[in-house]
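Please read the structure below before turning to the comments.
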Amino acid sequence: MYACTPNTHPNKPDGFIEVIPMSKIVWDIARADEYVFGFQLRDSAFSDKLLMGKARAEIFKIHKVTAAQFASSYRYYQQYPDLQKALYDSIMSLANKEGRSFIPNTSTQ
């Protein structure tokens, strides 16, 4: 299990999402994006942005976080390589439990 001391990573944003819940959110987003991308491959006229937006809104609702909380937390993880590694390791663990793989997207979207 990963833990950090407050002094190691100062100025966490309000509503910061810790590693385990954040990994579940990112994993759900990755699976939803994969699902939506499958539709796009079958129908080139398909608007993936609308469905991805709806899927993410539902994921945030399920996990009881806002899009702003997610975005600020994700940006915070990107500032600290050790936190980002802990996040990706946790996501990889979730992927492995499902017999799947995970390739991190390092964009800030």
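What to note about this one:
- Taken over segment 70-93, residues that are assigned to a helix (DSSP H, G or I) and in contact with a His (Cβ under 7 Å, 6 or more places away or on another chain) amount to 1.
- Note on segment 68-89: residues that are more than 11 Å from the chain's Cα centre (by Cα) and closer than 11 Å to residue 25 by Cβ amount to 1.
- Test for residue 73: is it hydroxyl-bearing (Ser, Thr, Tyr) and at pLDDT below 95: no
- Failed criterion for residue 48 (all others in (1) modelled with pLDDT of 95 or more; (2) surrounded by 13 or more Cβ atoms within 10 Å (Cβ to Cβ) hold): (1)
- Criterion applied to 31, 56 was being modelled with pLDDT under 95, under 17 Å from residue 95 (Cα atoms), in a helix (DSSP H, G or I) and under 13 Å from the mean Cα position of the chain (by Cα), and the one residue passing it is 31.
- Residue 96 vs. criteria assigned to a loop (DSSP other than H, G, I, E, B) and at pLDDT below 95: no
The values are calculated or read from the model by the stated rules, or taken from the named source; none is laboratory data. Note that the structure is predicted; figures quoted are calculated from it, not measured. Here Cβ is always computed from backbone atoms with ideal geometry, including for glycine, and neighbour counts include all displayed protein chains.
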